[in-house]
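Okay, structure first, notes after.
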Amino acid sequence: MKHINKIIPYENLNLLNKKFEQEFKDKFNNFLKKGWYILGDEVKQFEENFANFCNSPYCVAVANGLDALEMGLQVFNFPTKSEIIVPSNTYIATILAIINAGHIPVLVEPNLGTYNIDENKIEEKITSKTKAIMVVHLYGQLAHMDAITKIATKHNLEIIEDCAQAHGAKFNDKIAGTFGKIGAYSFYPTKNLGALGDAGAIITYDAVIYEKLIALRNYGSHKKYYNKYIGRNSRLDELQAAFLNIKLPFLDEINNHKRKLANLYDLHLTNDVIKPNPLQEGYHVYHIYNIRTQKRDELKQFLLENGIHTEIHYPLPPNQQEGYQEYFSKLSFPISEEIHKTTLSLPISFANTIQDIETVIGKINSFFSSNEKN
């Protein structure tokens, strides 16, 4: 049996959160003594802190990223079965939010270089039923928001941004989630800003939308037992807000560390793989560092045999998912399908060291070098 000196996991949440462990424990003890567990001071503080981080007037903390997307649609009161444009290679949550909100997802192919929605293919999918563009900032890089904003303005469409992978990412120095009226965030534990459970938030510059969202997340109520809207229970847990308040001041440090690791990959990883293509106007935060290769499955297995864990984001495109054939059964999206067949996500955690990444690079380069000799 082959001896492996060190395992490099794709993510190690225990190690990632080690830096904050004592503060978490102190905060939990304080939380327990205080006895206020829902919508307390920690949630209010996080909403203020995250709004400030995003240069946004308002933030509404909710239970998870899916709810953030769904409520972000719900707040507009679009006619039932409105068409919402969305990239064809997104994570299924984006599409699920559209369907759950009572609307129709209209898939648009991504740009093969950036993996974000191709702004040049949006207008051909716009009809009289189109009400919004749900932009997904995949892997940590913003879509081409200047062009998308112009299209939305021209056709009187709302922009809803799925920022689940783009904490701190920018386009022309403007931060994710601030280009339209709704920016939806997830703080799932593996995100650049991750909670210790499910968590989400919505940022907005619109005061009317903000007031409605505050009610929608809490049974449609601004005042206890008085329900202005048909709402839901989607309140960010007070304890998760407390943990996020501890980690938020370190988000820039986390992003800078991931960018440093990405730069190592960019400089030293073999050109036998297709590396990310950051936009000149953008600030990529590398929630995911993905490469593409036709030998994806062989490379993934080789790395696993050498103690290096990787992920695939995502193995199957939305139009091929069994549960969504009612919407996509007769549709083909060759660019998206090519991405899903060839993409591989490499370790790029806040918990990873430079030595970890150098090991990964060495193994990948040796894989392709030995393949060439054969």
Over region 349-361, the set of residues out of contact with any His (no Cβ under 8 Å at 6 or more places or on another chain) and either in contact (Cβ under 8 Å) with a residue 60 or more places away in the chain or small (Gly, Ala, Ser) (or both) is SER349, ALA351, ASN352, ILE354, ASP356, ILE357, THR359, VAL360
Considering region 165-180, residues that are in contact with a Leu (Cβ under 8 Å, 6 or more places away or on another chain) and among the hydrophobic types (A, V, I, L, M, F, W, C), and then whichever is nearest to PRO57 (Cα to Cα), we arrive at ALA176
Matching residues in region 113-134 (basic (Lys, Arg) and either touching a Gly at 6+ places or on another chain (Cβ under 9 Å) or more than 22 Å from VAL75 (Cβ to Cβ) (or both)) number 2
From the option list ASN77, ASN64, ASN111, ASN100, single residue qualifying as assigned by TED's automatic domain parsing to the domain that holds VAL135, of a type in the set (S, T, N, Q), more than 30 Å from ILE291 (Cα to Cα) and touching an Asp or Glu at 6+ places or on another chain (Cβ under 8 Å) is ASN100
For region 153-174, pairs from a residue that is under 15 Å from ASN64 (Cα atoms) to a residue that is charged (D, E, K, R) and surrounded by fewer than 24 Cβ atoms within 10 Å (Cβ to Cβ), with Cβ under 8 Å and 6 or more apart or across chains, are ALA164/LYS191; GLN165/LYS191; HIS167/LYS191
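I'm trying to understand the selection: among the residues of region 135-170, which are in a loop (DSSP other than H, G, I, E, B) and either over 26 Å from HIS340 (Cα atoms) or among the charged types (D, E, K, R) (or both)?
Looking only at region 135-170, we keep the residues that are in a loop (DSSP other than H, G, I, E, B), and these are 137, 141-144, 155-157, 163-169.
Of everything in region 135-170, those that are in a loop (DSSP other than H, G, I, E, B) and either over 26 Å from HIS340 (Cα atoms) or among the charged types (D, E, K, R) (or both) turn out to be HIS155, ASN156, LEU157.
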Taking region 314-334 and the residues there that are in contact (Cβ under 8 Å) with a residue 24 or more places away in the chain and polar (S, T, N, Q), the one that is surrounded by the most Cβ atoms within 10 Å (Cβ to Cβ) would be ASN319
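Look through region 305-348, keep the residues that are assigned to a helix (DSSP H, G or I) and of a type in the set (Asp, Glu), and return whichever of them is nearest to ASN89 (Cα to Cα). Even if it seems obvious, please write down each step before you answer.
First, pick out the residues of region 305-348 that are assigned to a helix (DSSP H, G or I): 305, 318-320, 322-328, 334-342.
When the remaining residues are screened for being of a type in the set (Asp, Glu), the result is 305, 322, 326, 337-338.
On the way: GLU305: 29, GLU322: 15, GLU326: 18, GLU337: 8, GLU338: 10 Å.
So the residue we want is GLU337.
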- Task: Say whether the condition of being out of contact with any Phe, Trp or Tyr (no Cβ under 9 Å at 6 or more places or on another chain), under 22 Å from THR204 (Cβ atoms) and not acidic (Asp, Glu) is met by at least one residue in region 109-119.
- Result: yes
The condition of being of a type in the set (Val, Ile, Thr) and either outside the structural domain of LYS121 (by TED's automatic domain parsing) or under 30 Å from GLU338 (Cα atoms) (or both) holds, among ILE85, ILE38, only for ILE85
Q) Is it true that some residue in region 29-40 is under 23 Å from the mean Cα position of the chain (by Cα) and over 19 Å from GLN165 (Cβ atoms)? A) no
Scanning region 29-76 for residues that are touching a Ser or Thr at 6+ places or on another chain (Cβ under 7 Å) and within 14 Å of ALA241 (Cβ to Cβ), the one surrounded by the most Cβ atoms within 10 Å (Cβ to Cβ) turns out to be VAL62
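Within region 163-179, can one find any residue that is under 20 Å from HIS103 (Cβ atoms) and either surrounded by 24 or more Cβ atoms within 10 Å (Cβ to Cβ) or in contact with a His (Cβ under 9 Å, 6 or more places away or on another chain) (or both)? Talk me through it step by step, then tell me what you get.
We begin by selecting, within region 163-179, every residue under 20 Å from HIS103 (Cβ atoms); these are 163-164.
The next check asks that each one be either surrounded by 24 or more Cβ atoms within 10 Å (Cβ to Cβ) or in contact with a His (Cβ under 9 Å, 6 or more places away or on another chain) (or both); those that pass are 163-164.
Yes; the residues of region 163-179 include at least one that is under 20 Å from HIS103 (Cβ atoms) and either surrounded by 24 or more Cβ atoms within 10 Å (Cβ to Cβ) or in contact with a His (Cβ under 9 Å, 6 or more places away or on another chain) (or both).
Residues ASN245, ASN233, ASN227: which one is of a type in the set (S, T, N, Q) and in contact with a Ser or Thr (Cβ under 9 Å, 6 or more places away or on another chain)? Walk me through how you get there before you give the answer.
Working: ASN245 fails: in contact with a Ser or Thr (Cβ under 9 Å, 6 or more places away or on another chain); ASN233 fails: in contact with a Ser or Thr (Cβ under 9 Å, 6 or more places away or on another chain).
After applying the criteria, what remains is ASN227.
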Counted residues in region 44-85 being under 28 Å from ASN255 (Cα atoms) and of a type in the set (Lys, Arg) come to 1
With the condition kept exactly as written, say whether any residue in region 140-153 is of a type in the set (Asp, Glu), buried (at least 20 other Cβ atoms within 10 Å of the Cβ) and closer than 17 Å to PHE179 by Cβ.
-> no
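Matching residues to (1) in contact (Cβ under 8 Å) with a residue 24 or more places away in the chain; (2) surrounded by fewer than 18 Cβ atoms within 10 Å (Cβ to Cβ):
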{"residue": "LEU267", "(1), (2)": "no, yes"}
{"residue": "GLU281", "(1), (2)": "yes, yes"}
{"residue": "HIS284", "(1), (2)": "yes, no"}
{"residue": "ILE312", "(1), (2)": "yes, yes"}
{"residue": "SER336", "(1), (2)": "yes, no"}
{"residue": "HIS340", "(1), (2)": "yes, no"}
{"residue": "PRO347", "(1), (2)": "yes, no"}
{"residue": "LYS363", "(1), (2)": "yes, yes"}
{"residue": "ASN371", "(1), (2)": "yes, yes"}
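The values are calculated or read from the model by the stated rules, or taken from the named source; none is laboratory data. Keep in mind it's a predicted model, so treat the numbers as computed, not measured. Note that each Cβ is placed from the backbone with ideal geometry, even for glycine, and that neighbours are counted across all protein chains shown.
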